[in-house]
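All remarks here apply to the structure that follows.
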Amino acid sequence: MFKFFENRKKTERLPKNWKESLKGTNYYLVRRMYSEFLHNEIKNASKKDGYLYGTKEYVRGWERFSSNPCYSTAIEFIQIAPSCLNFFQNCSPVGSLYVTGLYTAEEFEIGKYSLKTDTRLITFTQLTDTQLKYFNVIYEGEEIFNVPTTEFIGYKWEVLIGLINKKIYKICASMELGKEKDNIELTIHIISYLEVMLGTPSSEDNGYWEWNFNDGNILLERQEFMEKDMLVFVITSSSVKKAHIK
């Protein structure tokens, strides 16, 4: 938690045209990366007196930006904390915090499954009656099956696979989340891994991250499903664009 001290006069000067340099910034990336930084600082502070020290102006500025990451709240926060300008600039596509990935949607694997996996090597089982209430086929030739669980990023995931005309077009992996404190640690761990593998998300919001590629897209999302708090990971092939709705 924060312990406040009196607002100090700002001595740092911002460079000319600094506002222009923020127009390519990924503000959700800033929020995530800076939140991780604050999270780690709070953990370190707990080993000392349990407090992070800052001005009320700084804390309120960050809270306004964090609740609505955009150009105007970024301008407001940086005017309060000029030393953070470089951090914001590095969260643009040409910045050092913006990552180029190693894999695309078709190349990426969730444990032992990928869009290229030979279906003859997979054991398919029918959906349960409960699952059928949530999943409906909408394309001609579409089928949805349960498949054996898989290990992914050190965790066990339940997996569904969608087929169109016997070819994999979607993989949906899910795991149940635990305590909120554990969820934060787990999410940071998974996002850090995915960012190395897939690059900086194309878009993100609270509990939502998406990567778009020419051959498909990948989505990670926290959601409530079947009355459980779940983390859901979905890979969808671009081939679905050619599918015909029933």
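The values are calculated or read from the model by the stated rules, or taken from the named source; none is laboratory data. The structure displayed is predicted, hence computed values, not measured ones. As a convention, Cβ positions derive from the backbone with ideal geometry for all residues, glycine included, and neighbour counts pool all protein chains shown.
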Unmet criterion (only one of (1) of a type in the set (Asp, Glu); (2) more than 24 Å from Tyr34 (Cβ to Cβ); (3) surrounded by 14 or more Cβ atoms within 10 Å (Cβ to Cβ)) for Glu210: (2)
For Tyr134, indicate whether it is within 28 Å of Pro201 (Cα to Cα) and surrounded by fewer than 16 Cβ atoms within 10 Å (Cβ to Cβ). yes
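Let's see how each residue does on (1) within 12 Å of Lys23 (Cα to Cα); (2) acidic (Asp, Glu):
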site: Thr55; (1), (2): no, no
site: Glu63; (1), (2): no, yes
site: Asn68; (1), (2): no, no
site: Thr73; (1), (2): no, no
site: Ile78; (1), (2): no, no
site: Pro82; (1), (2): no, no
site: Phe87; (1), (2): no, no
site: Cys91; (1), (2): yes, no
Test: residue in the stretch 126-143 that is among the basic types (Lys, Arg) and free of Cβ contacts under 8 Å to residues at least 12 places away in the same chain: yes
If you scan the stretch 166-207, which residues turn out to be over 19 Å from Leu97 (Cα atoms), surrounded by 15 or more Cβ atoms within 10 Å (Cβ to Cβ) and not aliphatic (A, V, I, L, M)? Tyr169, Lys170, Cys172, Ser174, Asn183
Would you confirm whether any residue within the stretch 177-194 is within 16 Å of Glu109 (Cα to Cα) and not in a helix (DSSP H, G or I)? no
Report those helices (runs of 4 or more DSSP H) wholly inside the stretch 52-171 carrying at least 2 residues which are more than 24 Å from the chain's Cα centre (by Cα). 56-67, 71-80, 129-132
Taking the stretch 18-38 and keeping only residues that are loosely packed, with under 13 Cβ neighbours inside 10 Å and at pLDDT below 90, one is left with Lys23, Phe37
In the stretch 12-30, anything within 11 Å of Cys91 (Cα to Cα) and aliphatic (A, V, I, L, M) is listed as Leu22, Leu29, Val30
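Determine if the stretch 171-188 includes at least one residue that is under 14 Å from Ala243 (Cβ atoms), assigned by TED's automatic domain parsing to the domain that holds Thr236 and not aromatic (Phe, Trp, Tyr).
First, the residues of the stretch 171-188 that are under 14 Å from Ala243 (Cβ atoms): none.
No, the stretch 171-188 contains no residue that is under 14 Å from Ala243 (Cβ atoms), assigned by TED's automatic domain parsing to the domain that holds Thr236 and not aromatic (Phe, Trp, Tyr).
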Would you tally the residues in the stretch 220-241 being surrounded by 18 or more Cβ atoms within 10 Å (Cβ to Cβ) and aliphatic (A, V, I, L, M)? 4
May I ask you to verify whether Tyr98 is at pLDDT below 95, buried (at least 16 other Cβ atoms within 10 Å of the Cβ) and either touching a strand residue (DSSP E or B) at 6+ places or on another chain (Cβ under 6 Å) or not assigned by TED's automatic domain parsing to the domain that holds Val234 (or both)? yes
With the structure loaded, tell me whether Phe108 is buried (at least 19 other Cβ atoms within 10 Å of the Cβ), modelled with pLDDT of 95 or more and either charged (D, E, K, R) or closer than 30 Å to Lys16 by Cα (or both) or whether it fails that test. no
